[in-house]
1. Among residues belonging to segment 235-279 that are touching a residue at least 40 places away in the same chain (Cβ under 8 Å) and outside any strand (DSSP E or B), point out the one that is nearest to K82 (Cα to Cα).
2. V68 passes all but one of (1) touching a residue at least 60 places away in the same chain (Cβ under 8 Å); (2) outside the structural domain of V221 (by TED's automatic domain parsing); which number fails?
3. Only one of (1) touching a Cys at 6+ places or on another chain (Cβ under 9 Å); (2) among the aromatic types (F, W, Y); (3) outside any loop (DSSP other than H, G, I, E, B) is not met by W615, so which one is it?
4. Go through A397, A431 for me and flag whichever is touching a helix residue (DSSP H, G or I) at 6+ places or on another chain (Cβ under 7 Å) and within 30 Å of W117 (Cα to Cα).
5. Looking at (1) touching a Cys at 6+ places or on another chain (Cβ under 6 Å); (2) part of a loop (DSSP other than H, G, I, E, B), can you tell me which one W712 breaks?
6. Any residue in segment 580-592 that's closer than 10 Å to T633 by Cβ: show its pairings with residues that are at pLDDT below 90 and surrounded by 17 or more Cβ atoms within 10 Å (Cβ to Cβ) at Cβ separation under 6 Å, as long as the two are six or more apart or on different chains.
Amino acid sequence: MIYSMRKSALSIRGSLLLLAAGVLISCGTGPVEKIDRLALVKRNNPNISEIEELSSLSAGNGNFAVTVDATGLQSFPERYSKGVPLGTQSQWGWHSFPNTERYTFEETLKDYNFRGWEEPYAVQFNEPGRKQDAANYFRENPHRLHLGYIGLELTDNVGERITADQISGIDQELVLWEGVIRSRFLVGTDTARVQTAVHPEKDQLAVTLSSPMLADGRMKVNMRFPYPTGKHSDDATDWNVPGKHRTELITKDDHSFVLKRTVASIIYYLTVTYEGEATLTEKETHYFVLTPVNDRFSFTCDFSPEKPQLPENTAQEAFEASSRYWASFWQKGGAVDFSQCTDERAAELERRVVLSQYLMAIQSAGDYPPQETGLTYNSWHGKFHLEMHWWHAVHFALWNRTSLLERSMDWYTTAYPRAKEIAERQQFEGARWMKMTDPSAMEAPSKVGSFLIWQQPHFIYMAELIYRNNPSQEVLDKYGFLVEETARFMASFATYDEQEGRYLLKGIIPAQETLRASETINPPFELSYWHYGMSVAQQWRERMGQQRDMHWDELIDKLSPLAYQDGLYLASEDATDTYMDIRFTSDHPSVLGALGMMPESKLVRRETMQNTLNWIWDNWNWDKTWGWDYPMTAMSAARLGDPEKAVGALLMDKRTNTYLVNGHNYQDARLRVYLPGNGGLLTAVAMMCAGWDGNKEDTPGFPKDGKWDVQWEDLAPMP
């Protein structure tokens, strides 16, 4: 049997002799050749044959992404606005409505007494009035901008606008190996071909067009710029207030022009460069049209927050850069091949895994933690949720793409002063990481989010993965201070019960958000995560030449055990006699994260967790769950030695476990894109293949019934 694990993991386990002997790194039922990665990726290219609101495709680089319709550009955004919208978003593009009422953040604070002193939390108020208005303002601002639509202006022979219904013969493919979207369609009998890509290192869209309609003026390129809406979940597009923003042509020559956008205090630029002849006209306010004169046309669109210089590359060079980047991406990271499996579900699981790798790289691998809808469209006003950072980013380390995880880890240094401020105002030590925030690290008021704590150990968990993949002093120096400050808060937050001689977690809303902060004590996942996080923080102290913190050791030793009743773990210690209460059987079954996301510890009894998994499997309100609940369930089942349930969870036929043709995890009419589900899938599959610390079984998360001959390479085990 030949086992597969990433090279750093082989090194840690002293198994470099396998590589030195030239043994193929692979896994399955026996020795096999290395995975044909090009074939693996190519057979999962999305193909689109109609204009359908949930089938748009995206190109991007983690910091900038463009989502296009079946024409290859953003020609018919109204048809997609209620589906997967046609977005153009960046990490730097944020806007705030003017604070005309001069609200202060202090007006959002409300005191709660969970531990014998007043703790101010930023909340949404139930009573109408100034405090509620202030909370709403800081929740909605800043919000992420839609930078502008780049579309095709299509007309018939008499100048009438072509509608989406008049487009036929659609043949569109996302070529994953190159990061290029190739589109072909017909208008009448005329063919149009469009090629679209995003430069891997720039906020640049590159496009080539080919059609006889270009030469006779029936195909043009338009650029349209909306005002932001600031709404919770939408395409961030308001066409009804043209007077509230400005779009100015500031420079122009024979092959380029620059548009300056002013949206309140935010200024940014669009630089368009093209080859060949074309004329630019301003059709109306915020609406420009570029008219080529030949039947082939190529151009680039560069978006920038600073006054730009002309780009140094052509569209063709951008396509070549994209092809090089994506070929390297697919060749260097982990890979999982399901083509030798005979289970009828295997091909769909492979499709989800391949497309999720692409989506997470373009949507969730930027300089900041991503919003749950990435760079496609706004959810929660475009802000990101730190409790979701684990689901967006952990898989990068397990799939040998740690550098993509590290991009967003640097933001925590920027956020640290605000996180320390939150801890201090609530009389805790260290840094308390906020839940919902933005690049400035301003805490968004929330009736739920401000009471969550399970985002707190994420920084420790992710820093530990980075260290495992690069056990160096450099990593310790870079992340050690914030590991320490994160753990200091965790240690001070746990409340010591003198009477029972144990530490409690209370005054919180757990990951299962249907529970109340005033009632919840010792939710099992949070207890397990506290145990893991504090244990790892102690290891970091030792690695850095420091003494173990005696108080931390006492906390680890005296954390409360997980509460159970009738052989089943409870949602929290106070939640007795409630198994049929909808409040305790809906939302995230996060008790499973205590042994799944988390490794085994003295807190968890395997038999009780197996009973709990079985009960949840049969009784949970699965129609009231979220996309990452399925991989969380799969990870728990895998650690418990129940691979049938592990695979079954990943492919459970539920609405929130739907994966669209473009690979997006669909939730509902509000959240048509939900990237934590995609990231969770990748984390679970990596763990089901490469296992976890102490596991000795080959592909432990897949059944040994002969139907799951899973081949994999270059994956790291979970802790």
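The values are calculated or read from the model by the stated rules, or taken from the named source; none is laboratory data. Computed from a prediction, not measured in an experiment: that's the story for all the values here. So basically every Cβ, Gly included, is an ideal-geometry build from the backbone, and we count neighbours across all protein chains shown.
1. D235
2. (2)
3. Result: W615 fails condition (1) only.
4. Working: A397 fails: within 30 Å of W117 (Cα to Cα).
Unique residue meeting the criteria: A431.
5. Here W712 clears every test but (2).
6. none
Each row is one residue, and each column tells you yes or no for (1) in the same structural domain as G641 (by TED's automatic domain parsing); (2) surrounded by fewer than 23 Cβ atoms within 10 Å (Cβ to Cβ); (3) of a type in the set (A, V, I, L, M).
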position: G679; (1), (2), (3): yes, no, no
position: A684; (1), (2), (3): yes, no, yes
position: M687; (1), (2), (3): yes, no, yes
position: W692; (1), (2), (3): yes, yes, no
position: K696; (1), (2), (3): yes, yes, no
position: P700; (1), (2), (3): yes, yes, no
position: W708; (1), (2), (3): yes, no, no
position: Q711; (1), (2), (3): yes, no, no
position: P717; (1), (2), (3): yes, yes, no
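The rows are residues; the columns are (1) part of a loop (DSSP other than H, G, I, E, B); (2) in contact with a strand residue (DSSP E or B) (Cβ under 8 Å, 6 or more places away or on another chain); (3) over 21 Å from E348 (Cβ atoms).
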residue	(1), (2), (3)
I35	yes, yes, no
L40	no, yes, no
N45	yes, yes, no
E50	yes, yes, no
L54	yes, yes, no
A59	no, yes, yes
T67	no, yes, yes
L73	yes, yes, yes
E78	no, no, yes
